[in-house]
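Read the figures in this text as sums done on the coordinates, not as results from a lab. These numbers come from a predicted model, not from an experiment. Here Cβ is always computed from backbone atoms with ideal geometry, including for glycine, and neighbour counts include all displayed protein chains.
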Amino acid sequence: MNWEEVKRDVIAYSRQIGIDKIGFASAEPFTELKQRLIAQQQLNYQSGFEEADLEKRTNPALLLPGAQSIISIALAYPSKLKDAPKSKRGERRGIFCRASWGQDYHHVLRDRLQKLEHYLQERLPSAELQSMVDTGELSDRAVAERAGIGWSGKNCSIITPEFGSYVYLGEMITNIPFPPDTPIEDGCGTCNKCIEVCPTGALVQGGQLNAQKCIAFLTQTKGFLPDEYREKIGNRLYGCDTCQTVCPKNKGIDFHNHPEMEPDPELAKPLLRPLLTIGNKEFKEKYGPMSGSWRGKKPIQRNAILALAHYKDETAVPDLIGVLCNDPRPVLRGTAAWALGKIGAPDTGDVLEKAKSAETDEDVLKEIEKGLSLLQNR
């Protein structure tokens, strides 16, 4: 079998089904990555969302016995929101990160990988294949780097020469001996913009991220947000794009290659106040198709409260009082109490004192005290 010829055919077919870039890597263990992951664990820099078994994360043969190569794919997503609605007084808006615009990318990439699987199985009936996207065991970025899709930037994203870092990644382990591609040389050079502007200092150094401090991670947590990060969230409802938007390699990059990735401006940048009382059914109908909804509505509602505090939006005070007095979830009641103190509208002290007398949850009571303290220190 002429594997170079098969590889060329696979590349041609990938373009037909809407894969923007494809690369091929060996299925050798990722030994260097393993050492980095061990260090990350020791430093407690991991988010906890990752696969816990480091052997599975770094040895493709454990996921597919007889693995010989890995196919890496990349799909470019939009970076600019057309007809973006304006956030204005009384109608403040939050923002979902670009990677959450449009249809959930997991579904989009799985569709492309499934088509690629069917093609390979028809062409090579003995082919054994194992595909994954984001939530799989392997590191998408490590595979993409080895496959020559792009280099691993200081912002911990894969940066491609063609599409910048605005790409979704997926991979397929195979028992096919595809000739590997050559990794791309690092293109970051002496640039440190992403490290310098990271809002929480989560980028410890080039290529090393403390996920526990990363806003993209923090927006997905479900508990009370630590005090030191509340004001740094800004109006972000899910994710953070700062380390990408400042990257010189992303300047002028904006691809609209895939209809299913096109964002609805009203969902990508929604009004904040309606989010506080949105029901489960409406939330699933509106936001369910977006990847940013995977943790449910509670983190997004908490972040919406923090965003209203960020704007010091007095028009939202009645909504926040409603959450404080009526929401059954302590995290939202407590965050609303803190936000009311932050906004500092007239009579807020009376509202907080009344809520304090009726509240039984210790965590919420602490947040009410924080709100009262903010009022006193204005």
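Please sort by residue number the trypsin sites (Lys or Arg not before Pro) in region 72-180 whose DSSP state is loop and whose Cβ has at most 16 other Cβ atoms within 10 Å. Intermediate values should be presented prior to the final figure.
Numbers: sites: Lys80, Lys82, Lys86, Lys88, Arg89, Arg92, Arg93, Arg98, Arg110, Arg112, Lys115, Arg123, Arg141, Arg146, Lys154; in loops: Lys80, Lys82, Lys86, Arg89, Arg92, Lys154.
For trypsin sites (Lys or Arg not before Pro) across region 72-180 that sit outside H, G, I, E and B with at most 16 neighbouring Cβ atoms in 10 Å, the list reads Lys80, Lys82, Lys86, Arg89.
Test of the criteria: in region 38-118, which chymotrypsin sites (Phe, Trp or Tyr not before Pro) are in a DSSP loop and have at most 13 other Cβ atoms within 10 angstrom of their Cβ? Numbers along the way, then the final one.
Details: sites: Tyr45, Phe49, Phe96, Trp101, Tyr105; in loops: Tyr45, Phe49, Trp101.
Qualifying residues, ordered by number: Phe49.
Net charge dipole, region 1-147: roughly 1080 debye, given to the nearest 20, about the Cα centre with Cβ charges of +1 for Lys and Arg and -1 for Asp and Glu. Here the contact order of the chain, divided by its residue count and restricted to Cα pairs under 8 Å and six or more residues apart, works out to 20 percent. Only lysines eight or more places from Lys56 in sequence, or on another chain, were considered; those with a Cα closer than 20 Å are Lys34.
For a Förster distance of 56 Å, can you work out the FRET efficiency between the beta-carbons of Ser126 and His256, rounded to the nearest 0.05? Kindly include the intermediate steps, with their values, before the conclusion.
Numbers: r = 39 Å, r/R0 = 0.69.
FRET efficiency, Ser126 to His256: 0.90.
Extension gain, Glu362 to Asn377: 0.36 nm times the residue separation minus the Cα-Cα distance gives 3.1 nm.
Remark: for residue pairs Lys88/Lys222; Lys82/Lys284; Lys88/Lys342; Lys80/Lys269; Lys80/Lys213, the C-alpha separation exceeds 21 Å in Lys88/Lys222; Lys82/Lys284; Lys80/Lys213. Dipole magnitude for the chain: about 1040 debye, using +1 per Lys or Arg Cβ and -1 per Asp or Glu Cβ, origin at the Cα centre.
Of the labelled figures (i) -0.36, -0.70, -0.94, -1.30; (ii) -0.30, -0.61, -0.90, -1.48; (iii) -0.44, -0.74, -0.93, -1.26, only one reflects log10 I(q)/I(0) by the Debye sum over Cα atoms at q = 0.07, 0.10, 0.12, 0.15 Å⁻¹ as derived from the coordinates, namely (i). Partners of Lys298 within straight-line reach, counting aspartates and glutamates whose Cα lies under 14 Å from its Cα and excluding those fewer than 8 residues away in the same chain: Glu282, Asp327. Among the cysteines of the chain, those with no neighbouring cysteine Cβ under 4.7 Å are Cys97, Cys156, Cys188, Cys191, Cys198, Cys214, Cys240, Cys247, Cys325.
Scale the Cα Rg of region 280-360 by the rule-of-thumb value 2.2 N^0.38 Å and send over the ratio, two decimals.
Numbers: Rg = 13.6 Å, N = 81, 2.2 N^0.38 = 11.7 Å.
Cα Rg divided by the expected 2.2 N^0.38 Å: 1.17.
For region 340-362, backbone nitrogen atoms closer than 11 Å to the point 7 Å from Cys325 Cα along Cα-to-C-beta are found at 351-352, 354-355.
What whole-number volume per residue, in cubic angstrom, does the convex hull of the C-alpha atoms of region 295-335 give?
59 Å³
The residues packed around Arg57, meaning those with a beta-carbon under 9 Å from its beta-carbon, carry a net charge of -3 if Lys and Arg are +1 and Asp and Glu are -1. In the Gaussian network model of the chain, springs joining C-alpha atoms below 10 Å, which of Lys56, Lys298, Lys281 carries the largest mean-square fluctuation? Highest fluctuation of the listed residues: Lys281.
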